[in-house]
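Worksheet for the structure shown next.
Bear in mind these aren't lab numbers, they're just calculated from the coordinates by the rules spelled out. Model, not experiment: these values are computed from the prediction.
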Amino acid sequence: MVDQMTVETMTAADVMSRMLVTVEPDESPLMAWELMRRADLHHLPVIDAESRIVGVLRREDLACHWSGGPAEQSSVRVARLLDTQPCPCATPEMPLSAVAALMIDSDVDVVPVTGPAGTLEGLITALDVLKAVAGRATPPHGPMDVRGGLFRLEPVLPPC
């Protein structure tokens with residue numbers, strides 16, 4: 001149980017979010033934004049067809065690359081907005097202190113947790129690490145649940 005653990009003994013599996021909403025690399029930024037908005041998310045893992053992590057899309061990434069309206073955004077793909085550097089990843093067994101060091105060294109505020117085949121198992125944000133340090137980590141519950149977009153947005157604007 002998490003409340004009996006100390007920060008020194010916690011692992012990535014103890015603090016990672018297991019209920020995830022994901023998007024595929026060929027999805028539009030408009031869809032990614034809508035998923036983030038509806039689920040009140042700041043980070044959206046991007047996974048391929050085999051559930052391997054491609055990267056993590058941040059709200060800031062969308063804001064920095066946003067140009068034009070819905071029609072223009074529907075022709076852009078999420079993969080184009082991702083950082084060209086490989087996404088730093090943790091393993092479920094990684095000590096929480098190592099996850100924090102990875103975030104600092106990589107200058108990121110979110111780290112995907114991946115299994116041996118690179119498949120997404122969870123996500124750890126800087127807030128998750130802070131909650132653990134403060135003794136407020138959310139106990140892990142149930143198996144991992146990754147959900148892709150459950151709907152599709154299509155522009156309905158008349159052509160210009």
Worksheet item: Tell me, in nm to one decimal, what length is gained between Asp83 and Lys131 on full extension, where the rule is 0.36 nm per residue of separation less the Cα-Cα distance?
Response: 14.6 nm
Worksheet item: Counting only residues 5 or more places away or on other chains, whose amide H sits under 5 Å from the amide H of Leu123 once H atoms are built in the peptide plane?
Response: Ser17, Val113
